[in-house]
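Novice: There's a structure below that I have some questions on.
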Amino acid sequence: MGDYKRVICIGAHPLDAEIMGGPMLLRYAARHAHCTLVHVTKGRLTDPKATEEQKEEYDLALHREIAAAAAALDCDCYAMDYLSGELPETGKFISLLADYLREQKADCVITHARGTLHPRHYYTYEAVTEAVRLLRREGRKIQLFYGENCEDLAGFTPTVYLSMTREELDQWFAGLRKYRIFNGGVNDMPYFEYYHSMALIRSVEAGEHGFAKAYMHGALIDSE
């Protein structure tokens with residue numbers, strides 16, 4: 001792992017960035033790096049009977065969850081607030097992300113892995129990867145990692161394991177629990193059970209005892 005000062009994790013939806021990048025951002029925030037969780041799209045009520053007032057309250061509640069999760073993980077946050085059906089064309093989004101990462105002077109970026117079952121995850125993977133490649137071609141020193149996400153596991157091969165203390169694990173889950181969806185309020189996905197189990201399994205894979213989060217290096221040309 002490098003001595004990063006500006007770490008940004010970009011997820012397709014609220015909760016994705018916290019799941020993928022939470023442990024790494026916690027570690028670097030403790031080292032006084034500036035860490036940000038970015039959410040490309042936002043959720044919305046799909047109930048055709050929902051009133052405008054209910055839709056607005058849902059949106060406000062989600063933004064409160066985003067802010068609370070970021071604070072629990074010692075990060076700040078940036079909600080891009082796109083609706084899934086209104087995302088920019090990929091080339092335009094690559095340019096927008098490159099501008100953002102350039103402006104932020106990012107030196108480490110985390111996002112979705114390629115082998116995903118979700119189209120917005122792939123869209124985010126492709127745009128972030130190309131934006132980082134563009135900045136690398138400009139001579140900027142910026143690293144790219146793909147974070148483990150239960151929806152992005154096809155071809156996901158860890159290249160680095162980040163160990164977690166019990167305190168770091170608990171803080172990570174405290175951040176994730178700020179989301180209603182993580183607590184079972186939206187669907188029956190066993191988020192806690194899955195990610196707690198994987199923290200144990202990844203540590204075993206690395207030949208250690210305890211907890212670990214897996215990351216995969218992006219395929220980037222390195223001329224150094």
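The values are calculated or read from the model by the stated rules, or taken from the named source; none is laboratory data. Given the structure is predicted, the values throughout are model-derived calculations rather than measurements. Glycine also receives a Cβ, built like all others from the backbone with ideal geometry; neighbour counts cover every protein chain displayed. Note: areas computed on protein heavy atoms with side chains; ligands, DNA, RNA excluded. Shrake-Rupley method; radii C 1.70, N 1.55, O 1.52, S 1.80 Å.
Novice: In the stretch 11-51, what residues are surrounded by fewer than 22 Cβ atoms within 10 Å (Cβ to Cβ), of a type in the set (A, V, I, L, M, F, W, C) and farther than 14 Å from residue 69 by Cβ?
Specialist: 30, 33, 45, 50
Novice: Just checking, how many residues over the stretch 88-120 are in a helix (DSSP H, G or I) and closer than 22 Å to residue 216 by Cα?
Specialist: Of the residues in that region, 6 qualify.
Novice: List, please: which pairs have Cβ atoms under 9 Å, are six or more places apart or on different chains, and start with a residue in the stretch 113-141 that is under 11 Å from residue 152 (Cβ atoms) and end with one that is part of a helix (DSSP H, G or I) and among the acidic types (Asp, Glu)?
Specialist: Filtered contacts from the stretch 113-141: 114/126; 121/16; 124/16.
Novice: Separate question: Is at least one residue of the stretch 98-110 of a type in the set (Val, Ile, Thr) and open to solvent by less than 30 Å² (accessible area, probe 1.4 Å)?
Specialist: Yes, the stretch 98-110 has at least one match.
Novice: Taking interchain pairs and intrachain pairs at least six residues apart, which have beta carbon atoms under 8 angstrom, with the first residue in the stretch 49-72 and more than 17 Å from residue 16 (Cα to Cα) and the second assigned to a helix (DSSP H, G or I) and of a type outside the set (A, V, I, L, M, F, W, C)?
Specialist: Filtered contacts from the stretch 49-72: 50/58.
Conditions (1) charged (D, E, K, R); (2) within 17 Å of residue 21 (Cα to Cα); (3) assigned to a loop (DSSP other than H, G, I, E, B), marked per residue:
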| position | (1), (2), (3) |
| --- | --- |
| 140 | yes, no, yes |
| 149 | no, yes, yes |
| 162 | no, yes, no |
| 178 | yes, yes, yes |
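Novice: Determine which single condition residue 168 fails, assuming it passes every other condition in (1) open to solvent by 40 Å² or more (accessible area, probe 1.4 Å); (2) in contact with a helix residue (DSSP H, G or I) (Cβ under 9 Å, 6 or more places away or on another chain); (3) part of a strand (DSSP E or B).
Specialist: (3)
Novice: Name, by its number, the condition in (1) in contact with a helix residue (DSSP H, G or I) (Cβ under 7 Å, 6 or more places away or on another chain); (2) open to solvent by 10 Å² or more (accessible area, probe 1.4 Å) that does not hold for residue 179.
Specialist: Only one criterion is unmet by residue 179, namely (2).
Novice: When the stretch 180-221 is examined, which residues are found to be in contact with a Pro (Cβ under 9 Å, 6 or more places away or on another chain), part of a loop (DSSP other than H, G, I, E, B) and not β-branched (Val, Ile, Thr)?
Specialist: Within the stretch 180-221, 184, 206 qualify.
Novice: If you don't mind, another one. Tally up the residues in the stretch 73-96 that are in contact (Cβ under 8 Å) with a residue 24 or more places away in the chain and open to solvent by 70 Å² or more (accessible area, probe 1.4 Å), please.
Specialist: Counting residues in the stretch 73-96 that are in contact (Cβ under 8 Å) with a residue 24 or more places away in the chain and open to solvent by 70 Å² or more (accessible area, probe 1.4 Å) gives 2.
Novice: Please go through (1) open to solvent by 10 Å² or more (accessible area, probe 1.4 Å); (2) part of a loop (DSSP other than H, G, I, E, B); (3) in contact with a Phe, Trp or Tyr (Cβ under 8 Å, 6 or more places away or on another chain); (4) closer than 20 Å to residue 40 by Cα for residue 123 and return the number of the only condition it doesn't satisfy.
Specialist: With (1) open to solvent by 10 Å² or more (accessible area, probe 1.4 Å); (2) part of a loop (DSSP other than H, G, I, E, B); (3) in contact with a Phe, Trp or Tyr (Cβ under 8 Å, 6 or more places away or on another chain); (4) closer than 20 Å to residue 40 by Cα applied to residue 123, the lone miss is (2).
Novice: Report, ordered by the first and then the second residue, all pairs with beta carbons closer than 7 Å, sequence separation of six or more or different chains, a first member in the stretch 18-42 that is farther than 9 Å from residue 5 by Cα, and a second member that is open to solvent by 10 Å² or more (accessible area, probe 1.4 Å) and among the hydroxyl-bearing types (Ser, Thr, Tyr).
Specialist: What qualifies is 36/78; 38/78; 40/82; 41/82; 41/84.
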